[in-house]
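Reading through the structure tokens given below for one structure.
The values are calculated or read from the model by the stated rules, or taken from the named source; none is laboratory data. None of the values given here were measured: they were computed from a predicted structure. Here Cβ is always computed from backbone atoms with ideal geometry, including for glycine, and neighbour counts include all displayed protein chains. Each accessible area value is taken on the protein alone, full model and side chains, heavy atoms only, with ligands, DNA and RNA left out. Shrake-Rupley method; radii C 1.70, N 1.55, O 1.52, S 1.80 Å.
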Amino acid sequence: MLPYLCPGCQSQLKVKSLSCKQCGTEVIGLYDLPALARLPQEDQTFILNFVKCSGSLKDMAKQMGLSYPTVRNLLDEIILKITKYEQ
Amino acid sequence: MSNKWKWVYNPFEKVAGWKAFGIGIVILSITTIVGYFGDTVFYGISVKVVPNITWILAISLQALGLAVTVAVMYIAALLFAKHVRFQDILGTVTLSKYPLILMSFLSLAFGRKLASIDIDKFINNEVTFSDYSLLLVFGVISIILLVWSITLLYQAFKISTNLKGVKCGVLFAVVMLISEIITYVLITVIY
């Protein structure tokens, strides 16, 4: 799992370098993580399962053993976080 | 608090919508039937001992109280929240009344005795120690069940609307106040 928070101060981490395994080229800079990668692991798992359920909150509710509004509220929380990251 | 106890104060994380309505309506029906035999009617968040109640009165008051609460809560949700489903409000509000079933059995056991302790008994100084004890125990249990029921109603509102914090609390208080006023006005007009 890609770390997304600084273990020292809990701030959002940024990508400093990326390297090509094939030719060894290294790209250095200070890049923001994509919005989805900035989410906590449980939120990322939720999104993965949501996509696997074809975006059906009813199926998600069944799978998670939770009620429909509870699952919809969890999704609303994630939407709120992503919107915040995008700003 | 463990998940096991969540069923007591917030079952709506697990069950809502039509399923909650189905369970709630069965419990509410039992409450009304037992309440009828104990001379007790339930409307809104109120419970009243009424001697010689009729079936129509017992059922219609229960239905009226539920319908008004659901309607007011749904209108508030449409105005102040997003993604609200009617069946979630209906189901969670109906199920939130499940503590009343305990009240109905209490009424069945002590309702007639309570109804006999009227104002004349107080005026004529005929109230016995056991009457006072009964009033006290019944009063304390009623308050506990009332608080429990309101807590469940609040959770129903919170889960169904996904509102939070002060906004949720204030709006819930306003919804409850308006529901109670409308219920009382309708009862006065209809009955």
- Directionally averaged shadow of the protein assembly as shown, computed from the convex hull of its alpha-carbon atoms, nm²: 21.1 nm²
- Net charge dipole size for the protein assembly as shown [Lys, Arg +1 and Asp, Glu -1 on Cβ; Debye, nearest 20]: 800 debye
- Message: Loop-only trypsin sites (Lys or Arg not before Pro) in the stretch B:68-151, please: DSSP not H, G, I, E or B, and at most 13 other Cβ atoms within 10 Å.
- Response: B:Lys82
- Task: Return one whole number: the accessible area per residue of the protein assembly as shown in Å², for a 1.4 Å probe.
- Result: 57 Å²
- Query: If the cut-off is 16 Å between C-alpha atoms, which lysines fall inside it for B:Lys97, apart from same-chain ones fewer than 8 positions away?
  - Reply: B:Lys6, B:Lys19, B:Lys48, B:Lys158
- Listed peptides A:16-25, A:71-80, A:34-43 by packing density, highest first (mean Cβ within 10 Å): A:71-80, A:34-43, A:16-25
- Message: Between helix A:68-86 and chain A, what is the angle of the helix's C-alpha long axis to the longest principal axis, kept within 0 to 90° and rounded to the nearest 10?
- Response: 20 degrees
- Message: How tilted is helix B:129-161 with respect to the longest principal axis of chain B? Cα atoms for both, answer in degrees (0 to 90, nearest 10).
- Response: 10 degrees
- Could you run the Karplus curve 6.51 cos²θ - 1.76 cosθ + 1.60 with θ = phi - 60° over the stretch B:76-90 and give me ³J(HN,Hα) per residue in whole Hz, x for Gly and Pro? 4, 5, 5, 6, 10, 10, 10, 6, 9, 9, 4, 5, 6, 5, 4
- Buried accessible area for the A:B pair, summed, 1.4 Å probe, in Å² rounded to 100? 1000 Å²
- Query: Which residue fluctuates the most in chain B, going by a Gaussian network model with Cα springs under 10 Å, if the choices are B:Leu100, B:Leu28, B:Leu78?
  - Reply: B:Leu78
- For the stretch A:32-44, just list the computed ³J(HN,Hα) in residue order, Karplus coefficients 6.51, -1.76 and 1.60, θ = phi - 60°, integers in Hz, with x standing in for Gly and Pro. 6, 5, x, 3, 5, 6, 7, 6, x, 4, 5, 6, 5
- On average, how many beta carbons from a partner chain sit within 10 Å of the beta carbon of a residue in A:59-69? 5
- Message: Just to be sure I follow: if Rg is taken over the C-alpha atoms of the stretch A:23-77 and Rh is the Kirkwood radius over the same atoms, what is Rg/Rh?
- Response: 1.22
- Near A:Lys81, which lysines are there with a Cα under 19 Å away, not counting those fewer than 8 places off in the same chain? A:Lys14, B:Lys82, B:Lys164
- Mind checking the mean number of beta-carbon atoms from other chains within 10 Å of the Cβ atoms in A:72-80? 3
- Query: Which whole number in µm²/s is D for chain B by Stokes-Einstein, with the Kirkwood Rh taken over Cα pairs at 20 °C and 1.002 mPa s?
  - Reply: 123 µm²/s
- Could you point to the residue in A:Thr25, A:Gln12, A:Tyr68 farthest towards the positive end of the stretch A:1-72's charge dipole, with +1 and -1 charges on the Cβ of Lys/Arg and Asp/Glu respectively? A:Tyr68
- Members of the stretch B:146-185 that become less accessible by 40 Å² or more once partner protein chains are added (1.4 angstrom probe, chain alone as reference): B:Ile159, B:Asn162
